[in-house]
Amino acid sequence: MNDADLHKFKHLLEQQRDELMSSHQLAQGSTETVELDQSSVGRISRMDAMQSQSMAIETTRLRQQQLRKISTALALIESGDYGYCNVCDNEIDVRRLDIDPASTMCVACASLKEVEA
């Protein structure tokens, strides 16, 4: 992988990280505890609020997981190890990194992992 590719992927990862962090800040209020006061909110409305809260919590968990992947990829760029599969140590195809610059496995190893799961 050449320096231009590395620069491009670093920029993409930083952009994704910034977008995830800003959406995290916007969604922070939706994970707050649901009010159980029946006089102000009906049972159905509370159930809707609790479902929305559960979805927001899961979205937050997925966002944090993606942020960890991005941080790992950025650290790999800094250390010079970016673009290599963490299973077989072969170079990850640039087309795969174009789709997901935080990928840490080549297509073959990722496919094997999915089959095992």
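The number of residues in segment 45-94 that are under 22 Å from residue 111 (Cα atoms) and among the hydroxyl-bearing types (Ser, Thr, Tyr) comes to 3. Can you find, within segment 60-100, the residue that is farthest from residue 6 (Cα to Cα) among those that are among the β-branched types (Val, Ile, Thr), within 18 Å of the chain's Cα centre (by Cα) and surrounded by 13 or more Cβ atoms within 10 Å (Cβ to Cβ)? Selected residue: 60. The requirement of being of a type outside the set (Gly, Ala, Ser) and within 17 Å of residue 20 (Cα to Cα) is fulfilled somewhere in segment 74-83, by at least one residue. Filter segment 1-51 for residues that are small (Gly, Ala, Ser) and either under 30 Å from residue 96 (Cα atoms) or in a helix (DSSP H, G or I) (or both); which is modelled with the highest pLDDT? Here the answer is 4.
The values are calculated or read from the model by the stated rules, or taken from the named source; none is laboratory data. What you are looking at is a predicted structure, and each value in this text was computed from that prediction instead of being measured. Counting neighbours? That spans all protein chains shown, and the Cβs are built from the backbone with ideal geometry, glycine included.
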